[in-house]
Amino acid sequence: MDNFAKKYVDGFMAELVARNPGEPEFHQAVKEVAESIAPYIAENPQLIDLKILERIAEPERIIIFRVPWTDDRGELHINRGFRVQCNSALGPYKGGIRFHASVNLSIMKFLAFEQTFKNSLTTLPMGGAKGGSDFNPRGKSDAEVMRFCQSFMTELCKHIGQDTDVPAGDIGVGGREIGYLFGQYKRLRNEFTGTLTGKGLAWGGSILRPEATGYGLCYFAEQMLATKGKSFEGQTVVVSGSGNVAQYASQKAMRLGAKVVTLSDSDGFIHDPEGLTEEKMAYVFQLKNIRRGRIKEYAEKYPNAKYYPGQRPWGIPCDIALPCATQNEIGKEDAEALIKGGCYCVAEGANMPSTPEAIAVFQAARILYSPGKASNAGGVATSGLEMSQNSMRLHWTAEEVDAQLHRIMSDIHAACLKYGTEEDGHVNYVKGANLAGFIKVANAMTDQGIV
Ligand code: NDP
């Protein structure tokens, strides 16, 4: 960074941290964007006067609410619900809902901020938002999850709508939860509209939405690999997580010829040196989505695999890493272990899985590294396609949706190349994604006046 950029970022961040104390994930996400766009701001000083970044970093609206619900034994529980409506310059707010014990305001704000740039990158008309609750779905019965979802939606429904804010799933919110949320929304608002995405196929969902984030991640990674004349064929892939994104990223990477050797959850990871197969994937789908079991059971079912409790998979030698679990799951030492193990491509499926120190390691090693806001945008992009289909009351075929997903991921990759290619030809995907996402939002905000 030159002098101006450093001064700009330091000044901006000092104010942001003072205004938003105790929100480390939010500070981390904003700082990364501020550093990427500082040189552009220097060349476009009107953006300083218009305080564009200051405005994007101040969500348009934050709703925090009480979510009371009763468990199967009749005991009352109180959780906290959030919806952070960050930016609507490009379209209705759009972003997932996360149910996880770790959810707090900082995590909601970082995710909504990231979502604003991600949605801009998709080329679709969507603003950025995120929501969720500190409710932990693990170990809860279907009836408990339903009662929680109904209570959550009873408040949330006042703030969303197909032209206002369209939530989707995220960690802890899959097809089951979207069903309960949609049912309650429909009952309270007496309307059948596309207000949530990730819906069941029979009631307004888009084909390929469940697969979209993981598949889109692999389509994006394919393009990254192609810049080095490589592909997934014959490559060893390490994946973290075993939820929605991890499952479909693993399936697609495997179908593209890679050997996927790890999966994880918050208790540990499994290493299967022989790699996943279609049969093993079918077991994982059943284990995680139907039985809602733990990944360690994989090693009981397939004894060639080994379970490592309490550890992450980054020490396993690989060519490609696809982090698909959660934020800050790759620290500096994990990044160094990946490089040492031969990894030359990290494509993020999760949101902000790499710490700034880990990203610095990847950048210094000049490996292919893409931030989640670029490489995991296929999920929200397909949600955008679901919104279009709902508005038209039409269903597109798998081929149509897959072709659009391919096109969108290619467009995002092209935008990263356009804004992120450095003088020596190295592609800085962080800079490319942040700059491309920012410019579009900044231009729209400029057009729309001081709001
Ligand atoms: P799921 O709930 O389906 O799966 C999450 C997976 O990550 C589970 O295996 C979970 O394990 C693991 N995990 C969650 N928290 C932690 C933690 N603190 N430490 C270690 N492992 C953890 O979520 P998704 O697959 O939908 O989401 C995964 C990531 O992808 C998130 O960062 C999300 O924001 C991002 N994303 C998701 C999109 C989507 O369409 N679903 C779109 C774009 C991004 P456990 O069961 O033990 O909790």
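Remarks
- Qualifying residue in region 320-341 (condition: more than 12 Å from the ligand (Cβ to nearest atom) and in a loop (DSSP other than H, G, I, E, B)): yes
- With respect to (1) open to solvent by 10 Å² or more (accessible area, probe 1.4 Å); (2) within 11 Å of the ligand (Cβ to nearest atom); (3) in a helix (DSSP H, G or I); (4) small (Gly, Ala, Ser), the lone exception for Ala360 is condition (2).
- Residues of region 96-111 satisfying the condition of being open to solvent by 30 Å² or more (accessible area, probe 1.4 Å) and away from the ligand (no atom under 11 Å from the Cβ): Asn104, Leu105
- Hey, Ala374 among the small types (Gly, Ala, Ser) and within 28 Å of Leu47 (Cβ to Cβ) or not: yes
- Residues of region 368-388 satisfying the condition of being polar (S, T, N, Q), near the ligand (Cβ under 9 Å from one of its atoms) and not in a loop (DSSP other than H, G, I, E, B): Thr382, Ser383
- Qualifying residue in region 309-316 (condition: outside the structural domain of His100 (by TED's automatic domain parsing), out of contact with any Ser or Thr (no Cβ under 7 Å at 6 or more places or on another chain), of a type in the set (D, E, K, R) and within 14 Å of the ligand (Cβ to nearest atom)): no
- Evaluated against (1) within 29 Å of Asp71 (Cβ to Cβ); (2) more than 15 Å from the ligand (Cβ to nearest atom), Thr123 falls short on exactly one condition, (1).
- Residue that is farthest from Val261 (Cα to Cα) [pool: residues in region 295-353 that are without any contact (Cβ under 8 Å) to a residue 24 or more places away in the chain and open to solvent by 50 Å² or more (accessible area, probe 1.4 Å)]: Glu333
- Taking the criterion of being open to solvent by 50 Å² or more (accessible area, probe 1.4 Å) and within 16 Å of the ligand (Cβ to nearest atom), the residues of region 152-186 that qualify are Gly175, Tyr180.
- Leading residue by the ranking (modelled with the lowest pLDDT) among those in region 137-151 that are within 16 Å of the ligand (Cβ to nearest atom) and surrounded by 15 or more Cβ atoms within 10 Å (Cβ to Cβ): Pro137
- Residue within region 81-95 that is at pLDDT 95 or above and open to solvent by 50 Å² or more (accessible area, probe 1.4 Å) present: no
The values are calculated or read from the model by the stated rules, or taken from the named source; none is laboratory data. If you're wondering where the values come from, they're calculated on a predicted model, not measured in any experiment. FYI the Cβ positions are ideal-geometry reconstructions off the backbone, even for glycines, and counts take in every protein chain you see. With ligands, DNA and RNA removed, areas are computed over all heavy atoms of the protein, side chains included. Shrake-Rupley method; radii C 1.70, N 1.55, O 1.52, S 1.80 Å.
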